[in-house]
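Report on the following structure.
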Amino acid sequence: MTDTRDSGLDTESVVPVTTDAGGGLEAPLSAPAKGEKARSLGTDAWDELRRRPMFWISAALILFFGLMAAFPQLFTSTDPTVADLSKAREAPSADAWFGRDGQGYDVYARTIYGARASILVGVFATLFVAVIGSLVGIIAGYRAGWADSVLSRIAEIFLGIPLLLGGILFLYIFPNDPLTTPFLVQVAKVALVLAILGWPTIMRLMRSSVMQVKPNDYVQAARALGASPTRIIGAHILPNSMASVIVVSTINLGAYIAIEATLSYLGIGLQPPAISWGIQISEASGIGMIRAAPHMLVFPSIALSLTVLAFIMLGDVVRDALDPRLR
Amino acid sequence: MGKYIIRRLLQMIPVIIGVTFIIYVAVFALGDPTVGRCGERPCPEGYIAKFRADYNLDKPLIVQYLLYMGNLVQGDLGTNFFGNKVVDELAARWPTTLKLGTMAVIIESVIGITAGVLAGVRRGKFIDSLVTVSTLLLISIPIFVIGSFAQLIFGVRLGWFPVTATQGTTYQLILPAFVLASASVAYIARLMRANLAENLRADYVRTAKAKGLTNRRTIGVHTLRNSLIPVITFIGIDIGALMGGAVVTERIFNINGIGNFLYRSIGQKDGTSVVGTIVCLVLIYLLVNLLVDILYGFLDPRISHD
């Protein structure tokens, strides 16, 4: 398979790996003017980010939904698990801002409480993918030889399974029982399935940046001075590849949230009584519901899309800031 | 060229074996293949024993897998608990799904490439910002949200398109095909824009300009063709996403295709159908990508001569 399939979302170029030790992407050829401090990759990127309104918008959205996931009580005092069947499918009113769903639950309260499932699955899946992918990628890139061949073939095999189809298959075989599986276990299960299918994206990224950095003189020098592989990786290789891993992980986080919602929508991810945007939208779809209570569909959809948008936008902006070729 | 094709074919074999092995192990060795075969209750002992014998589950894992692959090669994906062969169920439905998928691929190529070219040529202008922002939005909205809203707005409220596509005629499939293509349109537009912008900075473009060629000719003949190559690869990869998307789209518009069959099989806990369908789809995905890779060798001679 060709290498362009490295990430489901990242169709544009990924941040290049710097080949100098200090990491300055825009290392000035001439000596810096008097009084001007040496600029690092971090300050450069931050200066660029600060000027972009997209960065602030996405950061604010992520903060907003993060707060919603952590402290839903801040946003609503209504209990999302209390249903009033006599008010089922009521349109939005002063009593229930977003209206009520088919069971008479408050759509606003459930939209607020739904943030937690999405954000948790997204964060866990991204963390698992970053850890597994980085570890395997570093081993493959650093050891090279047959270890690299074997690990790369394994990665190719997992890339051969489309994410959503694989997710459906694995969650069908290891189902979440609605009544007996605790919420966190359900979340972890979905995240783990996404990680099992998703790790090769980061693995390939890490592997190629290790292979790019390894032959450099400063790495050879460190090795000649007797630095252990752990130290070489920690001090010289990781700092060089972190930027692209962070960018791809941020964009992937948005994608994993969307996939979780899709799986829950198909009735195979999180299970009610768990509260999640995917489940809410699933309950709201169907032609009868769409006609009778479109508000059930609209509000969770907006929340879900804004969350995904925030992460993809942040990844985009950070990549632009780190990649001077696009400036 | 011949060498390249043979190398690609050989590289494909371990991937196919690996993918089927992982799926087999997950389903038959780690998971419980009798889940849901007896409705909501657990299966009786006698049934499980017969099932294990019928499906060779009492033999060593590698023998089980080889027997399973033997059946697969002969086109046997198993019999579901309605007593129907999964292959027959899929055969009856695949024309509809193929039609939907083809329409989606045409839509995403035409709109995506056009938008990407417009944005790439007028980089930094209004049209560029418009394409960048709208593709970002399209990518962010999950397909089941786009589908539900399209059904609500264009089907129910405005009445421009049929609300459901039960018979699967071309007219009925227009709206579902747009929904299915929506995210891919955005990816293709972005990919095209990035490729074009990068190629426009290449040396050969400067040479062409220096020779006095018109802008139209430089872009239309020299740059566009080179920029299209990665897009073709993307469409191959995208088949995987389209298959997933078809499950959602066919559910929303009640299209009688493979995706809807998979969705209903999940609901009915019909494991044989779920696993058989996914194995079949994954194999198609791998084969399509093999074809795209080979095509890539023809389009970009640099690839096949290394």
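For A:D6, the criteria (1) acidic (D, E); (2) surrounded by 14 or more Cβ atoms within 10 Å (Cβ to Cβ); (3) at pLDDT 65 or above hold in every case but one, which is (3). Note on region A:157-198: residues that are more than 17 Å from A:S276 (Cα to Cα), hydrophobic (A, V, I, L, M, F, W, C) and free of Cβ contacts under 8 Å to residues at least 24 places away in the same chain amount to 5.
Hey, which of the helices (runs of 4 or more DSSP H) in region A:222-327, taking only ones fully inside, have at least 1 residues that are more than 20 Å from A:F124 (Cβ to Cβ) and within 11 Å of chain B (Cβ to nearest Cβ)?
On the way: elements: A:229-232, A:238-265, A:277-284, A:287-292, A:294-322.
The helices (runs of 4 or more DSSP H) meeting that bar are A:277-284, A:287-292, A:294-322.
If I ask for residues that are of a type in the set (S, T, N, Q) and surrounded by fewer than 23 Cβ atoms within 10 Å (Cβ to Cβ), which ones from region A:99-113 would you list? The answer is A:Q103, and nothing else.
Restricting region A:97-135 to residues that are of a type in the set (F, W, Y) and in contact with a helix residue (DSSP H, G or I) (Cβ under 6 Å, 6 or more places away or on another chain), which is nearest to A:A274 (Cα to Cα)? Give the derivation first.
So the first thing to find is which residues in region A:97-135 are of a type in the set (F, W, Y), and the list is A:97-98, A:105, A:108, A:113, A:124, A:128.
Narrowing further to those that are in contact with a helix residue (DSSP H, G or I) (Cβ under 6 Å, 6 or more places away or on another chain): A:97-98, A:113, A:124, A:128.
Details: A:W97: 22, A:F98: 19, A:Y113: 10, A:F124: 17, A:F128: 22 Å.
So, considering only residues that are of a type in the set (F, W, Y) and in contact with a helix residue (DSSP H, G or I) (Cβ under 6 Å, 6 or more places away or on another chain), the one nearest to A:A274 (Cα to Cα) is A:Y113.
The residue of region B:3-55 that is modelled with the highest pLDDT, among those that are surrounded by 14 or more Cβ atoms within 10 Å (Cβ to Cβ) and basic (K, R), is B:R8.
One residue is enough: does region B:239-251 have a residue meeting the conditions touching a helix residue (DSSP H, G or I) at 6+ places or on another chain (Cβ under 9 Å), without any contact (Cβ under 8 Å) to a residue 12 or more places away in the chain, under 30 Å from B:V282 (Cβ atoms) and not aliphatic (A, V, I, L, M)? Yes.
Suppose we filter A:A144, A:A227, A:A221 for residues that are farther than 23 Å from A:I257 by Cβ, modelled with pLDDT under 85 and surrounded by fewer than 20 Cβ atoms within 10 Å (Cβ to Cβ); which single one remains? Before the answer, list the steps.
Working: A:A227 fails: modelled with pLDDT under 85; A:A221 fails: modelled with pLDDT under 85.
Residue meeting the stated conditions: A:A144.
Within region A:298-327, the set of residues being at pLDDT below 85 and among the small types (G, A, S) comprises A:A321 only. Of all residues in region B:245-264, those satisfying the criterion of being in a helix (DSSP H, G or I) and more than 9 Å from chain A (Cβ to nearest Cβ) are B:A246, B:T249, B:E250, B:I258, B:G259, B:N260, B:F261, B:R264.
Where helices (runs of 4 or more DSSP H) fall entirely within region B:1-112, those with at least 1 residues that are within 14 Å of chain A (Cβ to nearest Cβ) and of a type in the set (S, T, Y) are at B:2-24.
Out of the residues in region B:231-244 that are more than 11 Å from the chain's Cα centre (by Cα) and more than 7 Å from every other protein chain (Cβ to nearest Cβ), which is farthest from B:L196 (Cα to Cα)?
Here is the first cut: in region B:231-244, the ones more than 11 Å from the chain's Cα centre (by Cα) are B:231-233.
From what's left, more than 7 Å from every other protein chain (Cβ to nearest Cβ): B:231-232.
On the way: B:V231: 11, B:I232: 14 Å.
Of everything passing the filter in region B:231-244, B:I232 is farthest from B:L196 (Cα to Cα).
Considering each of B:G101, B:G78 in turn, give the residue that is of a type outside the set (D, E), crowded, with 16+ Cβ neighbours inside 10 Å and within 21 Å of B:T166 (Cα to Cα). So the residue among B:G101, B:G78 that is of a type outside the set (D, E), crowded, with 16+ Cβ neighbours inside 10 Å and within 21 Å of B:T166 (Cα to Cα) is B:G101. For the condition assigned to a helix (DSSP H, G or I), under 24 Å from the mean Cα position of the chain (by Cα) and surrounded by 15 or more Cβ atoms within 10 Å (Cβ to Cβ), B:V205 does not qualify. So, in region A:17-68, how many residues would count as being at pLDDT 65 or above and not aliphatic (A, V, I, L, M)? Result for region A:17-68: 18. There is no residue in region A:73-88 that is modelled with pLDDT of 80 or more, touching a Gly at 6+ places or on another chain (Cβ under 7 Å) and in a helix (DSSP H, G or I).
Filter region A:142-157 down to the residues that are of a type in the set (A, V, I, L, M, F, W, C), under 12 Å from A:W199 (Cα atoms) and more than 8 Å from chain B (Cβ to nearest Cβ) and list them by number. Steps first, answer last, please.
We begin by selecting, within region A:142-157, every residue of a type in the set (A, V, I, L, M, F, W, C); these are A:144, A:146-147, A:150-151, A:154-155, A:157.
In the following step, the residues that additionally are under 12 Å from A:W199 (Cα atoms) were identified as A:151, A:154-155, A:157.
Those that are of a type in the set (A, V, I, L, M, F, W, C), under 12 Å from A:W199 (Cα atoms) and more than 8 Å from chain B (Cβ to nearest Cβ): A:L151, A:A155.
For region B:249-306, the set of residues classified as assigned by TED's automatic domain parsing to the domain that holds B:A150 and aromatic (F, W, Y) consists of B:F253, B:F261, B:Y263, listed by residue number.
The values are calculated or read from the model by the stated rules, or taken from the named source; none is laboratory data. For clarity, every value in this text was computed on a predicted model and none was experimentally measured. As a convention, Cβ positions derive from the backbone with ideal geometry for all residues, glycine included, and neighbour counts pool all protein chains shown.
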